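Novice: I have a structure I would like to understand better, so I am pasting it below and will then ask my questions one at a time.
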Amino acid sequence: MPLLIPPPLSLYVHLPWCVRKCPYCDFNSHAQKGALPFDDYVDALLRDLDHDLPLVWGRTVHSVFFGGGTPSLFPAAAIDRFLQQASARLRFAPGAEITLETNPGTAEHDRFDAYRRAGVHRISFGIQSFDDGCLQRLGRIHDSREAEHAVRMAQDEGIDNINLDLMYALPGQDLAMANADIDRALALEPAHVSHYQLTLEPNTAFAAAPPRALPDDDTAWDMQDAAQARLAAAGFDNYETSAWARPGRQCAHNLNYWRFGDYLGIGAGAHGKISLGGSQQVLRRWKHKHPTTWMAAAGSASAIGGDEILTPERLPFDYMLNVLRLREGFSLDDFEARTGLSRGMIEAKLAVCRDRGWLGNRNGRIVPTETGARFLNDLLLVFLDEPPRAAAGRT
């Protein structure tokens, strides 16, 4: 059997609080009630990190991602303290990408300078839309003016590696409104744009009470198609299903996820995936979701919500679930190195996908065709022998 070779390592840090829970959000986020325990939470993060360190002894961290919730609720001093302490415990690669998710409604001018000095040099703004009516229907706490102002404040403080999250097929949105969102985003000259369709996820307010005037499937497809044309014309590369970047500005952290890299997940509800070279196994680990419960247990096994060793039957699906989102696809050598499985285990399924016109070859790599990318869920089901039990880490 091929050897499972530990891939690049990332660090995901979950900061679970937000000002108000959005009705479409199915992430582990909790509405702020009173003063937040910033110092206590950072202490708990460090205890959690210490507990998981034996999984990654001697390995280098190539990226750090603060996700939420709304990480920008945390003051720069708390982010700085965590990064200083984490870099004393783990080897950070020179120039490691460090991203902070930010809600425009919590942005302050001097805070961006302090985040930058703490080591954060990539900001991901949860814009979602530049239409005030759409923002209100989505339950966002910011308006379009605040969104544009927040991006410009970050740029004024020397942060030029900026992602804008945009959603489409929103309640009450038509094609012209969706196009206007793309145009206003491009006017801000970001390095990266994430563009994804609103979906009604289980256990959300929108799932319980669907919003009115959702665009139909044909209109949603027209919105996606028009956005792709506009972004491509502006020089952005669609390197992943929902991600667009200027040359050299792909998100290193998310690329590591999608290439089936490893990531240590710390914080309430955080998920991680670690390759265990000694036992030639892949471990998924997730933490308890509620901040109070997790903080009380952080630093002990009691903080762990679950561990799962991926079976050889499950690994091909998990691998494809990630790499087939990428336009670059994957090589069979990479498959063997990241899973420890022989390529023979997937040859028959690859043949099925090729026969259906879903997979092709480019420069020695297996890539989704345009049809395969459009029907990605059907493509992935070919590799599903065992139903998934744990979600992937936050991207």
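Novice: Determine, yes or no, whether A44 is out of contact with any strand residue (DSSP E or B) (no Cβ under 8 Å at 6 or more places or on another chain), assigned to a helix (DSSP H, G or I) and either of a type in the set (V, I, T) or farther than 30 Å from C134 by Cβ (or both). Walk me through it before giving the result.
Specialist: On the way: out of contact with any strand residue (DSSP E or B) (no Cβ under 8 Å at 6 or more places or on another chain): yes; assigned to a helix (DSSP H, G or I): yes; either of a type in the set (V, I, T) or farther than 30 Å from C134 by Cβ (or both): yes.
In short, yes.
Novice: If you don't mind, another one. Check P202 against each of (1) over 29 Å from F330 (Cα atoms); (2) crowded, with 17+ Cβ neighbours inside 10 Å and name the one condition it does not meet.
Specialist: Here P202 meets the rest and fails (2).
Novice: Restricting attention to the stretch 347-370, which residues are open to solvent by 30 Å² or more (accessible area, probe 1.4 Å), at pLDDT 95 or above, farther than 15 Å from E313 by Cβ and in a helix (DSSP H, G or I)?
Specialist: E347, A351, V352, R354, D355
Novice: So how many residues does the stretch 261-277 have that are assigned to a strand (DSSP E or B) and in contact with a helix residue (DSSP H, G or I) (Cβ under 7 Å, 6 or more places away or on another chain)? Walk me through it before giving the result.
Specialist: First pass over the stretch 261-277, keeping only residues assigned to a strand (DSSP E or B): 262-266, 271-276.
Keeping just the survivors that are in contact with a helix residue (DSSP H, G or I) (Cβ under 7 Å, 6 or more places away or on another chain) gives 263-264, 266, 274.
Looking only at that region, the number is 4.
Novice: Within the stretch 9-35, can you find the residues that are more than 11 Å from P291 (Cα to Cα), touching a helix residue (DSSP H, G or I) at 6+ places or on another chain (Cβ under 7 Å) and among the aromatic types (F, W, Y)?
Specialist: Answer for the stretch 9-35, where residues must be more than 11 Å from P291 (Cα to Cα), touching a helix residue (DSSP H, G or I) at 6+ places or on another chain (Cβ under 7 Å) and among the aromatic types (F, W, Y): just Y24.
Novice: Then there is this: Tally time: how many residues in the stretch 192-238 are hydrophobic (A, V, I, L, M, F, W, C) and in a helix (DSSP H, G or I)? Break it down stepwise before answering.
Specialist: Here is the first cut: in the stretch 192-238, the ones hydrophobic (A, V, I, L, M, F, W, C) are 193, 198, 200, 205-209, 213-214, 220-221, 223, 226-227, 229, 231-234, 236.
From the residues that got through so far, the ones that are in a helix (DSSP H, G or I) too are 205-208, 220-221, 223, 226-227, 229, 231-233.
Residues meeting the conditions: 13.
Novice: Another question about this same structure. Among the residues of the stretch 156-176, write down those that are in a helix (DSSP H, G or I) and of a type in the set (V, I, T). Show your work before the answer.
Specialist: Step one: filter the stretch 156-176 for residues in a helix (DSSP H, G or I), giving 156, 175-176.
If the condition is that a residue be in a helix (DSSP H, G or I) and of a type in the set (V, I, T), then no residue fits.
Novice: What residue, of W244, W258, is at pLDDT 95 or above, buried (at least 22 other Cβ atoms within 10 Å of the Cβ) and more than 15 Å from H195 (Cβ to Cβ)?
Specialist: Working: W244 fails: more than 15 Å from H195 (Cβ to Cβ).
When all the criteria are applied, what remains is W258.
Novice: Specify which of the listed residues (R145, R230) is within 23 Å of E101 (Cα to Cα), modelled with pLDDT of 95 or more and open to solvent by 70 Å² or more (accessible area, probe 1.4 Å). Don't jump to the end; show me each part of the working.
Specialist: Numbers: R230 fails: within 23 Å of E101 (Cα to Cα).
Just a single option satisfies the conditions, and that option is R145.
Novice: In the stretch 58-75, how many residues are in a strand (DSSP E or B) and farther than 27 Å from K21 by Cβ? So that I can check it myself, show each step before the final result.
Specialist: The initial filter retains those residues of the stretch 58-75 that are in a strand (DSSP E or B), namely 60-68.
Retained after the next criterion (residues that are farther than 27 Å from K21 by Cβ): 60-63.
Total satisfying the criteria: 4.
Novice: Picking from D80, D50, which residue would you name as being surrounded by fewer than 19 Cβ atoms within 10 Å (Cβ to Cβ), at pLDDT 95 or above, in contact with a Gly (Cβ under 8 Å, 6 or more places away or on another chain) and under 21 Å from H288 (Cβ atoms)? Steps first, answer last, please.
Specialist: On the way: D80 fails: under 21 Å from H288 (Cβ atoms).
Step by step, each of D80, D50 is checked, and only D50 is surrounded by fewer than 19 Cβ atoms within 10 Å (Cβ to Cβ), at pLDDT 95 or above, in contact with a Gly (Cβ under 8 Å, 6 or more places away or on another chain) and under 21 Å from H288 (Cβ atoms).
Novice: Kindly list, by first and then second residue, each pair from a residue in the stretch 194-214 that is under 30 Å from L231 (Cα atoms) to a residue that is among the acidic types (D, E) and at pLDDT below 95, limited to pairs with Cβ atoms under 6 Å and residues at least 6 apart or on different chains.
Specialist: So the pair list comes out as E201/D26.
Novice: Let me ask something else about it. Over 14 Å from F74 (Cα atoms), open to solvent by 40 Å² or more (accessible area, probe 1.4 Å) and touching a Pro at 6+ places or on another chain (Cβ under 9 Å), is that true of D132?
Specialist: Working: over 14 Å from F74 (Cα atoms): yes; open to solvent by 40 Å² or more (accessible area, probe 1.4 Å): yes; touching a Pro at 6+ places or on another chain (Cβ under 9 Å): no.
Spelling it out, it is not the case that D132 is over 14 Å from F74 (Cα atoms), open to solvent by 40 Å² or more (accessible area, probe 1.4 Å) and touching a Pro at 6+ places or on another chain (Cβ under 9 Å).
Novice: Same structure again: Among the residues of the stretch 326-346, which ones are open to solvent by 30 Å² or more (accessible area, probe 1.4 Å), among the aliphatic types (A, V, I, L, M) and closer than 12 Å to P7 by Cβ? Before the answer, list the steps.
Specialist: Step one: of the stretch 326-346, the residues open to solvent by 30 Å² or more (accessible area, probe 1.4 Å) are 327-328, 332-334, 336, 338, 342-345.
Filter once more, keeping what is among the aliphatic types (A, V, I, L, M): 332, 345.
Within the stretch 326-346, none qualify.
Novice: Just to be sure, is L83 within 20 Å of Y115 (Cβ to Cβ) and part of a helix (DSSP H, G or I)?
Specialist: Values: within 20 Å of Y115 (Cβ to Cβ): yes; part of a helix (DSSP H, G or I): yes.
Yes.
Novice: I've got another one for you. Out of all the residues in the stretch 119-129, which are crowded, with 21+ Cβ neighbours inside 10 Å and either farther than 24 Å from D174 by Cβ or not polar (S, T, N, Q) (or both)? Working first, answer last.
Specialist: First, the residues of the stretch 119-129 that are crowded, with 21+ Cβ neighbours inside 10 Å: 120, 122-129.
Listed by number, the residues that qualify are V120, R122, I123, S124, F125, G126, I127.
Novice: Would you check if there is a residue in the stretch 316-323 being β-branched (V, I, T), open to solvent by less than 10 Å² (accessible area, probe 1.4 Å) and within 30 Å of D43 (Cα to Cα)?
Specialist: Residues of the stretch 316-323 β-branched (V, I, T): 323.
Next, only the ones that are open to solvent by less than 10 Å² (accessible area, probe 1.4 Å) stay: 323.
Add one more test, that the residue is within 30 Å of D43 (Cα to Cα), and what stays is none.
No - not one qualifying residue is present in the stretch 316-323.
Novice: Okay, next question. Would you be able to say whether some residue in the stretch 96-111 is closer than 22 Å to N256 by Cβ, surrounded by fewer than 16 Cβ atoms within 10 Å (Cβ to Cβ), without any contact (Cβ under 8 Å) to a residue 40 or more places away in the chain and among the small types (G, A, S)?
Specialist: Within the stretch 96-111, not a single residue is closer than 22 Å to N256 by Cβ, surrounded by fewer than 16 Cβ atoms within 10 Å (Cβ to Cβ), without any contact (Cβ under 8 Å) to a residue 40 or more places away in the chain and among the small types (G, A, S).
Novice: Identify all residues within the stretch 1-13 that are in a strand (DSSP E or B) and either modelled with pLDDT under 95 or open to solvent by 10 Å² or more (accessible area, probe 1.4 Å) (or both); write none if there are none.
Specialist: In the first step, residues of the stretch 1-13 are kept if they are in a strand (DSSP E or B); the result is 9-13.
Residues satisfying the conditions do not exist here.
The values are calculated or read from the model by the stated rules, or taken from the named source; none is laboratory data. Nothing here was measured: the structure is a model prediction, and the numbers come from that model. Because the Cβ atoms are built from the backbone with ideal geometry, glycine has one as well, and the counts that use them run over all protein chains shown. Areas reflect the complete protein model, heavy atoms only, side chains present, ligands, DNA and RNA absent. Shrake-Rupley method; radii C 1.70, N 1.55, O 1.52, S 1.80 Å.
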